[in-house]
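First comes the structure, then the notes that go with it.
The values are calculated or read from the model by the stated rules, or taken from the named source; none is laboratory data. Keep in mind the model is a prediction, meaning the values are calculated, not measured. Here the Cβ positions follow ideal geometry from the backbone for every residue, glycine too, while neighbour counts run over all protein chains shown. Ligands, DNA and RNA are excluded from the accessible area calculation, which covers all protein heavy atoms including side chains. Shrake-Rupley method; radii C 1.70, N 1.55, O 1.52, S 1.80 Å.
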Amino acid sequence: MSPNLPTPNFNDLLFQVAEKTFGELAFLLVEPDEIAQSKRPADPRWGYATRVEFTGPFNGEMHIKITEEMLLPLATNMLGIDEYEELPEGVKLEDALKELVNVTCGNLLPVLGGDQAVFHIDAPILSADATLPLPESLALTGQTLLHLDVGSAHISLFLDPQVDLSAATRQPETETEARS
Amino acid sequence: MALNILVVDDSSITRAMIIKTLKMTGLPLGEIHQASNGWEGLAQLEKQNIDLALVDINMPVMNGEEMIETLRSNPKWASLPVIVVSTEGSRTRIERFQRLDAKFVHKPFSPEVVCQTIEQITGQRYVSQPSDTEF
């Protein structure tokens, strides 16, 4: 198969990894579609965005955008503090989003490349205006939208156009639970 | 004996999360020191009396692997307990850390996993398990 265009399998992979990571890292839970549709706009207005590049057997980039109201609960949940509490010294709210993309990307790469592949993940970069430039030499390979109990998040994956990840795209059916 | 711990990670929020998690484990904690890369971590080790280091992999200036290799080549720190805390999913790379006598904790992590790993690497039992308190 060609990864040049978004496919349902890559979208499902992204969704599964993101759902698990958001839940385990920050206790953010995906809302069922029927609830999300009544509460969340179909086309959310993004407040913050970050991206991370990785290199290895294949190169790529992950982007995450979140709605404005999601940043505070994301950070406080990760830190295990209440929303009215002060952040620890030196910690900024935006650091939570950078850590979120770092961990989500780190958890996705073994699914795509196998557990022998060694990747280097760069430091995440925060966008100043919630927009992210499209990578010039990479192709959009998958994307997913998560409606969570505290806001919405959009995740995009860009990969080398030449890379063959046909084995990875079979995983949702054989090794991981399909999205319910 | 309280554990003096060094947390090395370039993300300030990750360092804060690790410190919060350590406080939730019930482990006897002494001083907790922080560094934002391997080079700063080595400097902290020179200055402080550290019993255990929790180290990230991907960091600027000096990454976690370089830091641990430096530790192991110095007799003063050759046997310092080190735990790598990372999103790393490569079995190949995790095995490299195991060969450097480091344990590995995968992100996201729980207080239970952090506590168990610290007890494994230090060879000490600090926290009572439910089965320890049978009536």
Taking the condition of being of a type in the set (A, V, I, L, M), crowded, with 18+ Cβ neighbours inside 10 Å, within 14 Å of chain B (Cβ to nearest Cβ) and part of a loop (DSSP other than H, G, I, E, B), how many residues in segment A:108-154 meet it? 0
Would you check if there is a residue in segment B:89-100 being among the aliphatic types (A, V, I, L, M), part of a helix (DSSP H, G or I) and at pLDDT below 95? yes
Restrict the check to segment B:65-74 and report whether at least one residue is outside any helix (DSSP H, G or I), within 14 Å of another protein chain (Cβ to nearest Cβ) and in contact with a Phe, Trp or Tyr (Cβ under 8 Å, 6 or more places away or on another chain). no
Is it the case, given these coordinates, that residue B:99 is open to solvent by 30 Å² or more (accessible area, probe 1.4 Å) and closer than 28 Å to residue A:111 by Cβ? yes
Considering only helices (runs of 4 or more DSSP H) fully contained in segment A:1-99, which possess at least 2 residues that are within 15 Å of the chain's Cα centre (by Cα) and without any contact (Cβ under 8 Å) to a residue 60 or more places away in the chain? A:8-26
Determine if segment B:34-55 includes at least one residue that is touching a residue at least 24 places away in the same chain (Cβ under 8 Å), over 28 Å from residue A:52 (Cα atoms), of a type in the set (A, V, I, L, M) and within 14 Å of another protein chain (Cβ to nearest Cβ). no
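Which of the residues spanning segment A:77-94 are more than 11 Å from every other protein chain (Cβ to nearest Cβ) and within 21 Å of residue B:109 (Cα to Cα)?
As a first pass, look at segment A:77-94 and keep what is more than 11 Å from every other protein chain (Cβ to nearest Cβ): A:82-86.
Listed by number, the list holds a single entry, A:82.
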In segment B:3-58, which strands (runs of 3 or more DSSP E) lie fully inside it and hold 1 or more residues that are within 12 Å of residue B:85 (Cβ to Cβ) and open to solvent by less than 10 Å² (accessible area, probe 1.4 Å)? B:3-8, B:52-55
